[in-house]
Amino acid sequence: MHLVLLGPPAAGKGTQARRMTDQFGGVHIDTGDILRANAERGTDLGRKARTYMERGDLVPDEVVIDMVLERVGEPDCAAGFVLDGFPRTVPQAEALDRRLGALDRPLDATVGLEVEEAELRRRLAERAREQDRSDDDEQAVRQRLELFASETGPLLDYYRQQGLLVRVDAVGEVGDVTGRIAGALAAHTDRGDGP
Ligand code: AMP
């Protein structure tokens, strides 16, 4: 399946994306991880992305879009992928649609993970203690939550209008959330909205 996983920071996108590719096959494409790896290696891409990431800002569309559109065209993505962290803006979603249309690999669904803000703040504080991520400090966290609401939130409507949005309550045991995602995707497919 060709899937997008949407959700605010600390909704569990990375964990669930890995479990989904284990279950359904396909490639896990985590844009945050790709950007962090580039920043650590000091590549051109990493240098362009670093300051935005440290502030909790979005890396400019033109940098991220090229990176992802190239990746989804690679042969290992033909059988399926879970995009984790992309798209985050409407122009990114539009560019992805055009690219997938040209590749004849349309999206099957977009899974929207839902977690209330108090729980997100609790998880982000815990992650800051455990993982030492520079974008988990208080100011960057506030910025990332605001950007999710203003830039990524409109994508929920964008995909709802296309009949692709599958909403899932992402609070609870990790395995339970994965089960809800699988159930919601099966229901989406059965309704004939999916592949
Ligand atoms: P994440 O690990 O998904 O929380 O991403 C970490 C950071 O990488 C974000 O706060 C952004 O600075 C950057 N980033 C990841 N994906 C994107 C994207 N699709 N568009 C813009 N910036 C992104």
* Structure fact -> Restricting attention to region 80-103, the residues that are open to solvent by less than 10 Å² (accessible area, probe 1.4 Å) and more than 12 Å from the ligand (Cβ to nearest atom) number exactly 4
* To do: Output yes when any residue across region 162-182 is under 20 Å from Arg88 (Cα atoms), open to solvent by less than 60 Å² (accessible area, probe 1.4 Å), in contact with a His (Cβ under 6 Å, 6 or more places away or on another chain) and not in a helix (DSSP H, G or I), and no when none is.
  => yes
* Tally time: how many residues in region 50-73 are under 17 Å from the mean Cα position of the chain (by Cα) and within 18 Å of Thr152 (Cβ to Cβ)? -> 12
* **Odd one out for Leu3, checked against (1) aliphatic (A, V, I, L, M); (2) in contact (Cβ under 8 Å) with a residue 60 or more places away in the chain; (3) within 11 Å of the ligand (Cβ to nearest atom)** => (3)
* Check off (1) more than 8 Å from the ligand (Cβ to nearest atom); (2) surrounded by 17 or more Cβ atoms within 10 Å (Cβ to Cβ); (3) modelled with pLDDT under 95 for Ala109 and give me the number that stays unchecked. => (3)
* Structure fact -> Restricting attention to region 55-70, the residues that are within 12 Å of the ligand (Cβ to nearest atom) and not in a loop (DSSP other than H, G, I, E, B) number exactly 10
* Asked: How about region 61-83: which of its residues are small (Gly, Ala, Ser) and in contact (Cβ under 8 Å) with a residue 60 or more places away in the chain?
  -> Gly80
* Being without any contact (Cβ under 8 Å) to a residue 24 or more places away in the chain and outside any helix (DSSP H, G or I) is the filter; apply it to region 115-160 and report the residue that is most open to solvent (accessible area, probe 1.4 Å). => Asp132
* To do: Go through region 1-54 and count every residue that is surrounded by fewer than 19 Cβ atoms within 10 Å (Cβ to Cβ) and in a strand (DSSP E or B).
  => 2
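The values are calculated or read from the model by the stated rules, or taken from the named source; none is laboratory data. Nothing here was measured: the structure is a model prediction, and the numbers come from that model. Neighbour counts run over all protein chains shown; Cβ positions are idealised from the backbone, glycine included. Note: areas computed on protein heavy atoms with side chains; ligands, DNA, RNA excluded. Shrake-Rupley method; radii C 1.70, N 1.55, O 1.52, S 1.80 Å.
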